[in-house]
Amino acid sequence: MKPLTNEEIKKELQSLDNWTFKKDKISRDFKFDNFKTALTFIVRIGFEAEKLVHHPEIYNVYNSVSVQLSTHDAGDKVTSKDIDLAKEIDKISKTF
(Lines give C-alpha, C1' and ligand atoms only; values in the text may rest on other atoms or scores of the structure.)
Protein backbone atom coordinates (compact mmCIF):
# COMPACT_ATOMS: atom_id res chain seq x y z
CA MET A 1 0.00 0.00 0.00
CA LYS A 2 1.37 3.38 -1.03
CA PRO A 3 1.37 6.26 1.49
CA LEU A 4 -0.62 9.35 0.57
CA THR A 5 1.21 12.64 0.10
CA ASN A 6 0.64 15.46 2.59
CA GLU A 7 -1.45 17.25 -0.05
CA GLU A 8 -3.59 14.15 -0.66
CA ILE A 9 -4.13 13.76 3.08
CA LYS A 10 -5.16 17.41 3.47
CA LYS A 11 -7.63 17.02 0.63
CA GLU A 12 -9.11 13.83 2.13
CA LEU A 13 -9.44 15.45 5.56
CA GLN A 14 -11.88 17.94 4.07
CA SER A 15 -14.39 15.10 3.64
CA LEU A 16 -13.96 13.88 7.23
CA ASP A 17 -15.42 15.22 10.47
CA ASN A 18 -12.84 16.82 12.80
CA TRP A 19 -9.91 14.57 11.89
CA THR A 20 -6.40 16.01 12.10
CA PHE A 21 -3.08 15.00 10.59
CA LYS A 22 0.01 15.02 12.77
CA LYS A 23 3.14 12.86 13.07
CA ASP A 24 2.18 10.58 10.15
CA LYS A 25 -1.24 9.73 11.61
CA ILE A 26 -4.77 10.97 11.27
CA SER A 27 -6.63 11.22 14.54
CA ARG A 28 -9.86 12.26 16.16
CA ASP A 29 -11.13 12.52 19.73
CA PHE A 30 -14.67 11.61 20.77
CA LYS A 31 -16.65 12.30 23.97
CA PHE A 32 -19.67 10.36 25.14
CA ASP A 33 -22.13 10.54 28.03
CA ASN A 34 -20.55 7.67 29.92
CA PHE A 35 -18.12 4.76 29.82
CA LYS A 36 -20.70 2.27 28.57
CA THR A 37 -21.41 4.36 25.47
CA ALA A 38 -17.69 4.92 24.83
CA LEU A 39 -17.05 1.20 25.08
CA THR A 40 -19.95 0.41 22.75
CA PHE A 41 -18.45 2.83 20.23
CA ILE A 42 -15.06 1.11 20.49
CA VAL A 43 -16.63 -2.31 19.89
CA ARG A 44 -18.44 -1.03 16.80
CA ILE A 45 -15.17 0.38 15.48
CA GLY A 46 -13.65 -3.05 16.05
CA PHE A 47 -16.23 -4.76 13.86
CA GLU A 48 -15.67 -2.23 11.03
CA ALA A 49 -11.91 -2.51 11.37
CA GLU A 50 -12.11 -6.29 11.03
CA LYS A 51 -14.22 -5.97 7.89
CA LEU A 52 -11.63 -3.63 6.38
CA VAL A 53 -8.71 -5.69 7.75
CA HIS A 54 -7.25 -2.53 9.22
CA HIS A 55 -6.77 -1.92 12.91
CA PRO A 56 -6.63 1.50 14.60
CA GLU A 57 -4.91 2.68 17.72
CA ILE A 58 -7.71 3.31 20.21
CA TYR A 59 -7.30 4.96 23.60
CA ASN A 60 -10.07 5.17 26.16
CA VAL A 61 -10.45 6.94 29.48
CA TYR A 62 -13.96 6.87 30.95
CA ASN A 63 -16.14 8.69 28.37
CA SER A 64 -13.32 9.77 26.03
CA VAL A 65 -12.09 7.82 23.02
CA SER A 66 -9.12 8.81 20.87
CA VAL A 67 -8.52 7.10 17.54
CA GLN A 68 -5.29 7.25 15.55
CA LEU A 69 -4.86 5.75 12.11
CA SER A 70 -1.80 4.87 10.06
CA THR A 71 -0.90 1.85 7.96
CA HIS A 72 1.80 -0.37 9.41
CA ASP A 73 2.46 -2.06 6.04
CA ALA A 74 3.25 1.36 4.55
CA GLY A 75 5.87 2.36 7.10
CA ASP A 76 3.29 3.71 9.56
CA LYS A 77 2.19 6.38 7.10
CA VAL A 78 -1.35 7.41 6.13
CA THR A 79 -2.87 5.50 3.21
CA SER A 80 -6.29 5.18 1.61
CA LYS A 81 -7.03 2.38 4.11
CA ASP A 82 -6.86 4.96 6.90
CA ILE A 83 -9.16 7.34 5.07
CA ASP A 84 -11.67 4.53 4.42
CA LEU A 85 -11.70 3.49 8.08
CA ALA A 86 -12.00 7.12 9.23
CA LYS A 87 -15.08 7.51 7.03
CA GLU A 88 -16.62 4.42 8.60
CA ILE A 89 -15.79 5.68 12.10
CA ASP A 90 -17.48 8.99 11.25
CA LYS A 91 -20.62 7.07 10.22
CA ILE A 92 -20.56 5.08 13.47
CA SER A 93 -20.12 8.23 15.57
CA LYS A 94 -23.29 9.73 14.09
CA THR A 95 -25.36 6.90 15.57
CA PHE A 96 -24.59 7.99 19.14
Can you tell me which of D73, D17, D29 moves the most in a GNM of the chain? Springs connect C-alpha atoms under 10 Å apart. D73
Using Cα pairs closer than 8 Å and at least 6 residues apart in sequence, work out the relative contact order for the stretch 5-96, in percent. 30 percent
Of all accessible surface on the chain at a 1.4 Å probe, what whole percent is carbon and sulfur? 51 percent
Whole angstrom only: what separates the Cα centroid of the stretch 59-96 from the Cα centroid of the stretch 26-42? 12 Å
Taking only protein heavy atoms into account and a 1.4 Å probe, give the accessible area per residue of the chain in Å². 63 Å²
Row for the stretch 57-96, column shape: gyration tensor on C-alpha, a ≥ b ≥ c, rounded if a/c < 1.5 i.e. under 1.5, prolate if a/b over b/c, else oblate; value oblate
Order 58-64, 87-93 from most to least packed using the mean count of other Cβ atoms within 10 Å. 87-93, 58-64
For the chain (alpha-carbon point model, no solvent) the Debye-based log₁₀ I(q)/I(0) at q = 0.12, 0.17, 0.24 Å⁻¹ works out to -0.34, -0.69, -1.28
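The values are calculated or read from the model by the stated rules, or taken from the named source; none is laboratory data. For clarity, every value in this text was computed on a predicted model and none was experimentally measured. As a convention, Cβ positions derive from the backbone with ideal geometry for all residues, glycine included, and neighbour counts pool all protein chains shown. These area figures cover heavy atoms from the full protein model, side chains too; ligands, DNA and RNA do not enter into them. Shrake-Rupley method; radii C 1.70, N 1.55, O 1.52, S 1.80 Å.
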